[in-house]
Amino acid sequence: MTQTPRTTVIAETWLELGNGVGPLSNAAGLPLARTIKLVLDPLVLRPAQRPHLGHALLSDDAADEVRERIRAAAGDLESTAAWFTMMKSRRRARRITSGSPQDLYFQKAYELARTAGEASEAAADAALDEVHDPGRMTAADLREFLAATAARVRAAIDEAWGDAMHDAVEDPDLTGLADELAGGGFDAFDRAVEAGEGSAAGRALSAPGAARAAGMTARDVPVPPEVGEQASKANLPDPFDRSILERLFQQVSSLGIQGTQALSALVDDEARRTAAPWQLAAEESRLVMAAGRAALAGGAAGGVLDARWQREAFVRRAHRMGTDAREGAREAVMRRLWARLQGRELRRLPADATEAWDLIDGATRSVILDRRDAAKARMGRA
């Protein structure tokens with residue numbers, strides 16, 4: 001087996017991306033050292049989670065994976081470059097001189113590329129305000145706020161759950177919707193939004209065992225969440241079992257929340273969200289969850305997702321060995337999809353028909369990549 005220097009693999013693949021990533025490149029067109037340190041490694045390649053991608057010399061498989069990840073992120077990287085350029089332009093216009101633009105803006109530009117679409121002056125100004133404002137709320141601030149207001153937050157949760165409809169209803173069959181989304185169609189999604197079918201599917205989870213089967217809770221039926229005192233990214237419960245703190249602590253720093261009043265509003269919104277169908281606020285988000293569940297259950301959409309799994313060597317190898325590399329994967333995809341939709345709602349970026357399938361497919365691909373990494377790690381230890 002041959003081995004290739006990691007720097008060579010990154011450089012050669014980066015050159016394929018062209019002029020669109022120029023602001024992230026040096027005079028030779030190669031990624032800046034800070035591009036690798038702040039963007040490629042922590043946000044695209046993630047060697048901390050995938051140690052086999054962090055070695056100085058890469059095996060053929062690892063080199064191919066590095067190339068695949070960089071190529072797959074090409075659009076995000078081009079958009080990152082555009083956002084970085086816009087932020088630097090607005091920085092000059094506002095005569096901001098503190099800090100290194102690359103150190104301060106590279107990761108924020110990548111976040112905006114993934115969440116905010118095309119670069120704009122207004123959004124860049126808001127991002128600069130967040131980066132340069134030391135008064136924005138952090139996870140520590142959230143924890144302290146919840147500790148000081150636990151009784152009030154508990155009352156807000158109980159009020160929201162008291163007003164909600166928790167009787168199970170008939171679960172709509174959304175197989176046709178999922179199949180249309182997988183085929184690039186949008187009409188059925190818009191009709192289903194108007195009919196409230198995502199909400200109906202969410203209320204059907206009130207039936208005993210239904211939410212657990214969907215991967216949303218470890219309980220027989222969902223219950224109101226706790227306010228929360230501790231949270232750990234490495235040990236998060238299922239979505240419906242998370243406390244208010246666990247639902248918000250990873251997001252609050254990046255939301256640009258300023259002041260106790262704004263933080264209180266964020267917490268109140270989340271308390272209400274926990275009582276909504278699928279514990280999501282927007283009908284579009286609820287419908288994406290319901291369509292994702294339908295897609296994962298079968299049909300033409302299920303075939304598209306299944307093909308992703310079948311292309312993976314670790315899945316075929318597990319099958320030959322009589323094991324199931326996909327055990328629990330359906331629930332894992334649902335949990336990943338929920339987290340992405342909840343995060344979008346916190347940023348006021350509701351999904352629409354054009355994004356629904358990308359969200360479902362993206363959550364599936366994310367779980368596949370995680371399991372591929374775990375399988376490679378096991379093989380390496382063996």
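Worth pointing out:
- Top-ranked residue of the stretch 152-195 - restricted to ones that are closer than 30 Å to S243 by Cα and of a type in the set (V, I, T), ranked as modelled with the lowest pLDDT: V169
- Any chance V315 is surrounded by 14 or more Cβ atoms within 10 Å (Cβ to Cβ), in the same structural domain as L248 (by TED's automatic domain parsing) and free of Cβ contacts under 8 Å to residues at least 60 places away in the same chain: yes
Results for (1) of a type in the set (S, T, Y); (2) at pLDDT 90 or above, shown as yes or no for each residue.
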position	(1), (2)
P51	no, no
R71	no, yes
T80	yes, yes
F84	no, yes
D103	no, no
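- Yes/no for D141 being among the charged types (D, E, K, R) and in contact with a Leu (Cβ under 8 Å, 6 or more places away or on another chain): yes
- When E283, E270 are checked against the criterion of being under 13 Å from R154 (Cα atoms) and of a type outside the set (A, V, I, L, M), a single residue qualifies: E270.
- Subset of the stretch 222-253 (residues that are β-branched (V, I, T) and crowded, with 18+ Cβ neighbours inside 10 Å): V227, I244, V252
- Number of the exception - T80 against (1) outside any helix (DSSP H, G or I); (2) β-branched (V, I, T); (3) within 20 Å of L38 (Cα to Cα): (1)
- Residues within the stretch 318-361 that are under 28 Å from E194 (Cβ atoms), assigned to a loop (DSSP other than H, G, I, E, B) and without any contact (Cβ under 8 Å) to a residue 60 or more places away in the chain, tallied: 1
- Selection of the stretch 8-33 for residues being surrounded by 14 or more Cβ atoms within 10 Å (Cβ to Cβ) and either within 23 Å of A62 (Cα to Cα) or of a type in the set (V, I, T) (or both) yields V9, I10, A11, E12, T13, W14, L15, L17, V21, L30, P31, L32.
The values are calculated or read from the model by the stated rules, or taken from the named source; none is laboratory data. This one's a predicted model, so the numbers in the text were calculated from it and none came from an experiment. We place every Cβ from the backbone using ideal geometry, glycine too, and count neighbours over all the protein chains shown.
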